[in-house]
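Down below is the structure, laid out as structure tokens.
The values are calculated or read from the model by the stated rules, or taken from the named source; none is laboratory data. This is a predicted model, so every value here is computed, not measured. When we count neighbours, we look across all protein chains shown, and the Cβ atoms used for this are built from the backbone with ideal geometry, even at glycine.
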Amino acid sequence: MPFTIAVIVGSLRAGSFNRQLAEALIRLPAASGHEFTFADIGSLPLYNQDDDADQPQAAKALKSLVSASDGVLFLTPEYNRSMPGVLKNALDHGSRPYGESCWAGKPAGVMGTSLGKPGTAMAQQHLRNVLAYLDMPALCQPEVFVQWSDDLLTADGTVGEGSHDFLNGWMEAFLNLVEAHPAAK
Ligand code: FNR
């Protein structure tokens, strides 16, 4: 069964490694036949609770995208041993107003790449903490902590031979989780 997946990349950088990894992931054989749509979190203003009654357009767009999705794929960089503020800001926008969260029940995949050896391990743990509170069943295993290297992807932006089978298996596991947790749309 084809699924619709919202992809959220926690970096706004033009050459983002996480964005490149996300683009490569959705081209893996296991992802074939499913629809992946990147959310625009860079247009979101800083969250302000005063705006809950009339959320900014970018927040409404994010919530519509996620609400219409069967699952959410998160790619987080690691900033100072946590997730970037832009990603937390997006999570906060989507969670409000109280009782109208777009996240609840949506199965989540968590991945990330960074320059450091721990490969976003700490950022992912912080993100998982928030996802648990938001009631998102998240794929636990396999975990993926990727230290960025120039041979991770090929020149045409596909996953290189070294990581291909592992990441393809991860994508398969994520889509199995999505199938096991049908979310209201
Ligand atoms: C970083 N970087 C970084 N890397 C890491 O492994 N652990 C960390 O805690 C941090 N902290 C950190 C803070 C800030 C403010 C910046 C800008 C960067 C380096 C980071 O891994 C690198 O910039 C990646 O390229 C970020 O991901 P994108 O933007 O390429 O997707």
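Scanning segment 89-119 for residues that are within 16 Å of the ligand (Cβ to nearest atom) and closer than 21 Å to D135 by Cα returns N89, A90, V110, M111, G112. Scanning segment 39-79 for residues that are under 23 Å from T113 (Cβ atoms) and more than 19 Å from the chain's Cα centre (by Cα) gives no hits. From the list A90, A61, A132, the lone residue that is surrounded by 15 or more Cβ atoms within 10 Å (Cβ to Cβ), without any contact (Cβ under 8 Å) to a residue 40 or more places away in the chain, of a type in the set (A, V, I, L, M, F, W, C) and assigned to a helix (DSSP H, G or I) is A61. Scanning segment 10-40 for residues that are closer than 23 Å to G162 by Cβ, more than 9 Å from the ligand (Cβ to nearest atom) and among the charged types (D, E, K, R) yields E23, R27.
Looking across segment 1-41 at every residue that is under 19 Å from E78 (Cα atoms) and among the hydroxyl-bearing types (S, T, Y), the one that is surrounded by the most Cβ atoms within 10 Å (Cβ to Cβ) is identified as S11. Taking every residue in segment 96-114 that is under 13 Å from A68 (Cα atoms) and pairing it with any residue that is at pLDDT below 95 and away from the ligand (no atom under 16 Å from the Cβ), at least 6 positions away or on another chain, the pairs with Cβ-Cβ distances below 6 Å are G105/A183; K106/A183. As a summary of the residue check, V86 satisfies the conditions (1) within 12 Å of the chain's Cα centre (by Cα); (2) closer than 14 Å to A39 by Cα; (3) within 11 Å of the ligand (Cβ to nearest atom) except for the one numbered (1). Report yes if P77 is within 13 Å of the ligand (Cβ to nearest atom) and part of a loop (DSSP other than H, G, I, E, B), otherwise no. In short, yes.
When I8 is tested against the conditions (1) in a loop (DSSP other than H, G, I, E, B); (2) closer than 26 Å to G157 by Cβ, the lone failure is (1).
Filtering segment 93-108 to residues that are crowded, with 17+ Cβ neighbours inside 10 Å and charged (D, E, K, R) leaves R96, K106. Scanning segment 99-122 for residues that are of a type in the set (S, T, Y), in a loop (DSSP other than H, G, I, E, B) and under 15 Å from the mean Cα position of the chain (by Cα) yields a single hit, T120.
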